[in-house]
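Student: I have a structure I would like to understand better, so I am pasting it below and will then ask my questions one at a time.
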Amino acid sequence: MSFIQEEDKAEIREQVGDLSNDVRVLVFTKSENCQYCGEVENILTEFASIFDRVRLEKYDIEKDSEVARKYDVKRAPGIAIVGTKDYGIRYYGLPAGYEFVALMNAVRMVGLNDADLAPETIEQLSKITKPVHIQVFVTPSCPYCPNAVTLSHQFAMANDLVTADAVEATEFPELAMQYNVRGVPRIVVNEEHHFEGAMPENWFVEEVVKAVN
C-alpha cells in the first residue's frame, strides 16, 4: 500500500522546492512495542524517493544504540533530519495528516541551510547562552501544530544551543501525561516552562527566551 499517491508527488516536490544541500533523514524504529514504526519507515521511504538530495537511513534504536545515542534519539519511532550539520531537529511519531507539512518544512529548511527567520528573532535567539530543549506536542488532526513545530525547528537552526522535538501526543501518552498535555500544540521549554496554541514568530521566541531567563 502506497502512503503517497503518484499524483501528489509533483505537489510535494513543488512545496519543498530545489534543495541546495543533501539531507539525511535518519529513522529509528524497533521490532516490538512500536505500533507505527512500520508506517513511519514506509512513508519516509516513499518521501525520500521523490528527491535526489534526500537520503533515508534506517536504524533499529536498540540494535543501533550507539547511533541513537550519537543523535540523542530516545524513543521510536524517532526521526532526525540532518543537513550540513546536525541542527537538533527531531520528530517523534508518524508525520501524517497536518504533520506531513512539518516534515516537508524541516527538509526544505535543512536542504537550503536557511532558518528563514526575521532579523529580530535571530537577535533574540543570539542572547541564548545555555542549552534549550523545546518539545512541541502535536496531533495529526491539528491544523495549528505544523506552524509551531516549524518555528521550533527554525529556532534550532538559528542557535546551536537550541534543540527542538515534535512529539505526536497520542503515540506517546506517557509523555503527554508527564507534561499535562490537554490541548495541542503544547510547547514545553526546558521541562518546566510551557504554553499552548498557535503563536506568531515574535511571541514564540519571547516565550523561549523567557523560559531561559
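Each value in this text was obtained by applying a stated rule to the coordinates, not by laboratory testing. Owing to the predicted nature of the structure, the values given are computational and were not obtained by experimental measurement. A quick note on method: Cβ atoms are made from the backbone with ideal geometry, for glycine too, and the neighbour counts reach across all protein chains shown.
Student: Is the range 1-82 best put as rounded, prolate or oblate by its Cα gyration tensor, with a ≥ b ≥ c the root eigenvalues, rounded for a/c under 1.5, and otherwise prolate when a/b is larger than b/c, oblate when not?
Tutor: Note, shape of the range 1-82 comes out oblate.
Student: Per the helix-only calculation at 222 nm, which mean residue ellipticity applies to the chain, given -39500 (n - 2.57) for every DSSP H run of n ≥ 4 and division by its residues, nearest 500 deg cm²/dmol?
Tutor: -11500 deg cm²/dmol
Student: Mean Kyte-Doolittle of at least -1.0 plus a Cα span of 15 Å or more along the axis: flag which DSSP H helices in the chain meet both, please.
Tutor: Those that pass (Cα extent of 15 Å or more, hydropathy at least -1.0) are 37-48, 99-112, 145-158, 201-212.
Student: While we're here: Within the range 1-88, list the GluC sites (Glu not before Pro) lying in a DSSP loop whose Cβ has at most 15 other Cβ atoms in a 10 Å radius. Present the calculation step by step, with values, prior to reporting the outcome.
Tutor: Details: sites: Glu6, Glu7, Glu11, Glu14, Glu32, Glu39, Glu41, Glu46, Glu57, Glu62, Glu66; in loops: Glu32, Glu62.
Passing both the DSSP loop test and the Cβ count: Glu32, Glu62.
Student: At q = 0.24 Å⁻¹, work out log10 I(q)/I(0) for the range 119-212 with the Debye formula, treating every Cα as an identical point scatterer and leaving solvent out; two decimals please.
Tutor: Here the Debye-derived log intensity ratios amount to -1.24.
Student: Taking the Cβ-Cβ separation of Arg69 and Asp22 as r and a Förster radius of 25 Å, what is the calculated FRET efficiency to the nearest 0.05?
Tutor: Values: r = 23 Å, r/R0 = 0.93.
That gives a FRET efficiency of 0.60.
Student: Another question, if that's okay. Between [x] 19; [y] 54; [z] 37, which matches percent of Cα pairs over 29 Å apart calculated for the structure shown?
Tutor: Correct label, based on the coordinates given: [x].
Student: Please state the relative contact order of the chain as a whole percent: Cα pairs under 8 Å, 6+ residues apart?
Tutor: Value for the chain: 19 percent.
Student: Over the range 119-212, what is the percentage of antiparallel beta bridges among all DSSP beta bridges, to the nearest 5?
Tutor: 55
Student: Rounded to the nearest 0.05, what FRET efficiency do Asn33 and Asp8 give with R0 = 35 Å and r taken as the Cβ-Cβ distance? Could you check?
Tutor: That pair, Asn33 with Asp8, gives E of 0.65.
Student: Give the lysines whose C-alpha is closer than 27 Å to that of Lys30, dropping any in the same chain fewer than 8 places away, or say none.
Tutor: Lys58, Lys63, Lys70, Lys74, Lys85
Student: Return the distance in nm (one decimal) between the two label points of a simple spin-label model at Lys58 and Glu46, each offset 7 Å from Cα along Cα→Cβ.
Tutor: In this crude spin-label approximation the distance works out to 1.5 nm.
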